[in-house]
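Working notes, beginning with the structure itself.
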Amino acid sequence: MSRREDSFFPNLEGRKRLDLIFKLVFFSANLVGLSVLLLLLGKIVRDSWGWLDMQFITSFPSRFPEKAGILPAIYGTVYLMIITALFAIPTGIAAAIFLEEYAKKSKFLSFIQVNVYNLAGIPSIVYGILGLTVFVRWLNLGRSLLAGGLTMGLLVLPVVIVTAQEAIRAVPESLRHAAYALGATKWQTVRYVVLPSALPGMLTGIILALSRAIGETAPLIPIGALTFIRTIPKSPFDSFTVLPIQIYNWTSRPQADFRAIAAAGIVVLLIVLILMNSIAIFLRNKYQGRIKEI
Amino acid sequence: MIKSGKDFGRERGIQLILAVAASFSVLVTAFIIISLFEEMSGFFREVSLKEFFTETRWSPLFNPPHYGIAPLVAGTMLVTVVAMIVSVPLGLASAVYLSEYAPDKLRRLIKPVLEILAGIPTIVYGYFALTFVTPAIRAVIPGTNVFNALSAGIVMGIMLIPMISSLSEDAMMAVPMSLREAAYALGATKLEVAFRVVIPAAMSGIVASFILAFSRAVGETMIVALAAGSTPKLTLNPLESIQTMTGYIVQVMLGDTPFGSIEYKSVYAVAGVLFFITLSLNLVGNRIVRRYKEVY
């Protein structure tokens, strides 16, 4: 190769080889995530093997791992999610409607928006301390389901707002114009045109927010979700425990058998999460692009 | 049809309700700050600011007690740095592959795996750190403590990979195709395009993803509560048991600390510092990320 050609193709072979090597390096970075995921799932299934049965689902916690179960934790988790959803979904959607449809661009609007984004990044344990101070002490709700559910509601509120905003933003402007042209008021347009079209997107966001809430442990520790309760909560003012708290308690004990039932609890938690996410994906696929077809 | 006066009242009423809901988020922030400050002021009546920030021991249960936050901050930073050492190269490499190399089919396979990793509850990561990663480390380095910053940091780093990967990928995807095409036209390889064109152009977005991941690591609680230990210590050795700010809060909250005691108030002081650090990081990170979304 002459010098002249050389300057046109400075070490092309070597550069291509380097490109290939790095392509493999970048690819294997993704394999790390996948292999850890498989390792983690394998480890948990193996640890829990033989422990996850009907007795485990239908029993109360116990000093003896072979008799212990997650019944109150399951009830606690379901009740907590109901309270969280009742609080966070209407508030979040209403806030999103206001921010997207009503508010005029202003300093205050962008302040609210920045505030929502930053609320999402506040450590969950800080929400727990907020809940302890405001709900447990100031409002005197005690260490109750209601206090826990409201705390969790505050935690997922920014997620609900942001995803609902995105869903509303995705509704084509032409639909609104059509409604206005027929003489609809602002609220009628929102209620009968925007909300129905944005609903699937909102639902996806809500499910994602709730699956975040189901797995959260830290915010409920200051609230004082108990781990050793022998009753199923009957009212929102009763004390409670949830799956992640129960798992935390069992994991933090040194005995291998408690670790095993912690793993069994994790399997239950992961199955619930997989179910919820499958519903979210199903909704997303079913309704994706439906508006464009019209 | 002409709208009646009642209709207007209804419209205005609805708008008011929606506005209240939107302002609610600001109220939450206000309540966080108020509730932290109330107990913090009580704490700082008993412990001087000077002691809090310059004392090098954190031992609330000793007599006399010491309240220097340095060991808790140091423990937090130790775990966070380990987490960043794991997550920054892996997350960035993953993002480069997804944005520059991956064929569409493979992208659609890798993205869900990352989403699953991101959706796993932190308590599960904590379990994994304590029962798998720690024994593995102890098998390699026998002197390692059962509770150590390394195990918590490694697992936290893995947890952060999806966050860095997806935020960095967004930033890289936002780099206009024309820039890449110009470089290809000059005979650059993909690697050269990635390192000399795409990454520099997406730099602020990539840095923002690091900042947000850092903030997340500082505030992460369950992994460190299970795996990092509960011995506040000024050390650079990741094989020792340490305590993070979040770990201290959990430890006190699990005990029977009475309301109003100095130990109870100290939680608010630690949480206040935690809140301040994460809020500052998030403000910077989110500002950069959002500017990106608006420009392209």
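Every read-out reported here was derived from the displayed coordinates using simple, explicitly stated rules and does not represent laboratory data. These numbers were taken from a predicted model, which means no experiment stands behind them. As a convention, Cβ positions derive from the backbone with ideal geometry for all residues, glycine included, and neighbour counts pool all protein chains shown.
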Problem set entry | For chain A, alpha-carbon Rg relative to the globular expectation (2.2 N^0.38 Å, N residues) | 1.32
Exercise. Do the sum for chain B: with -39,500 (n - 2.57) for every DSSP H run of n ≥ 4, divided by all residues, what is the mean residue ellipticity at 222 nm, to the nearest 500 deg cm²/dmol?
Worked result: -23500 deg cm²/dmol
Exercise. Nearest 20 debye, what's the magnitude of the dipole of region B:5-46 about its Cα centre given +1 on Lys and Arg Cβ and -1 on Asp and Glu Cβ?
Worked result: 300 debye
Problem set entry | Cα gyration tensor shape of region B:4-136, rounded if a/c is under 1.5, else prolate or oblate by comparing a/b with b/c | oblate
Exercise. Regarding region A:59-156, what is the average projected area of its C-alpha convex hull, in nm²?
Worked result: 8.2 nm²
Problem set entry | Lys, Arg +1 and Asp, Glu -1 on Cβ, resulting dipole of chain B about Cα centre, debye, nearest 20 | 680 debye
Exercise. How many percent of all Cα-Cα pairs in chain B sit more than 35 Å apart?
Worked result: 35 percent
For this session: Would you mind classifying region B:5-46 by shape? Square roots of the alpha carbon gyration tensor eigenvalues, ordered a ≥ b ≥ c; an a/c under 1.5 is rounded, otherwise it is prolate if a/b is larger than b/c and oblate if not.
Result: prolate
Problem set entry | Least to most buried among B:TYR248, B:TYR268 (fewest other Cβ within 10 Å first) | B:TYR268, B:TYR248
Seminar exercise, completed: If unit charges are put on Cβ atoms (+1 for Lys and Arg, -1 for Asp and Glu) and the dipole of chain A is taken about its Cα centre, the option from A:PRO236, A:PHE22, A:PRO61 lying farthest towards the positive end turns out to be A:PHE22
Problem set entry | Rough spin-label spacing in nm, given labels placed 7 Å along Cα→Cβ, for B:VAL140 and B:SER261 | 4.1 nm
Seminar exercise, completed: Honestly region B:179-296 on the Cα gyration tensor test (a ≥ b ≥ c root eigenvalues; a/c under 1.5 rounded, otherwise a/b vs b/c for prolate or oblate) is just prolate
Problem set entry | MRE, 222 nm, helices only [DSSP H, n ≥ 4, -39500 (n - 2.57), over chain A, to nearest 500] | -22500 deg cm²/dmol
Seminar exercise, completed: Between B:ASN63 and A:LYS67, the two model label points (7 Å from Cα along the beta-carbon direction) sit apart by a distance in nm of 4.0 nm
Problem set entry | region A:13-51: chymotrypsin sites (Phe, Trp or Tyr not before Pro) in DSSP coil with no more than 15 other Cβ atoms inside 10 Å | A:TRP49
Exercise. Which is farthest toward the positive dipole end of chain A among A:ALA147, A:ILE279, A:ILE122, measuring Cα position about the Cα centre, with Cβ charges +1 (Lys, Arg) and -1 (Asp, Glu)?
Worked result: A:ILE122
Problem set entry | Inter-chain Cβ neighbour average for residues A:33-41, partner chain, 10 Å | 6
Exercise. Per Stokes-Einstein, at 20 °C and 1.002 mPa s, what whole-number D in µm² s⁻¹ belongs to the protein assembly as shown, with the Kirkwood radius over Cα pairs as the hydrodynamic radius?
Worked result: 83 µm²/s
Exercise. Can you give the FRET efficiency for B:VAL20 and A:GLU166, using 1/(1 + (r/R0)^6), R0 = 30 Å, r = Cβ-Cβ distance, to the nearest 0.05?
Worked result: 0.85
Problem set entry | Potential extension, B:GLU181-B:GLN251 segment - 0.36 nm per residue separation minus Cα distance | 19.7 nm
Exercise. With +1 on each Lys and Arg Cβ and -1 on each Asp and Glu Cβ, how big is the dipole of the protein assembly as shown about its Cα centre, in debye rounded to the nearest 20?
Worked result: 1040 debye
Exercise. Tell me, A:ILE122, A:ILE229, A:ILE223 in order of fewest to most beta-carbon neighbours within 10 Å?
Worked result: A:ILE229, A:ILE122, A:ILE223
Exercise. What does the convex hull of the alpha-carbon atoms of region A:197-294 project to on average, in nm²?
Worked result: 8.2 nm²
Exercise. Just going by the charge dipole of the protein assembly as shown, with Lys and Arg at +1 and Asp and Glu at -1 on Cβ, which of B:ILE32, A:THR227, A:MET81 is farthest out on the positive end?
Worked result: A:MET81
For this session: Please turn the phi angles of region A:180-187 into ³J(HN,Hα) values with the Karplus equation 6.51 cos²θ - 1.76 cosθ + 1.60 (θ = phi - 60°), one per residue in order, whole Hz, x for glycine and proline.
Result: 4, 4, 7, x, 5, 7, 4, 5
Seminar exercise, completed: Expected sort for B:PHE128, A:PHE228, A:PHE56, B:PHE44 with the fewest Cβ neighbours (10 Å cutoff) up front is A:PHE228, B:PHE44, A:PHE56, B:PHE128
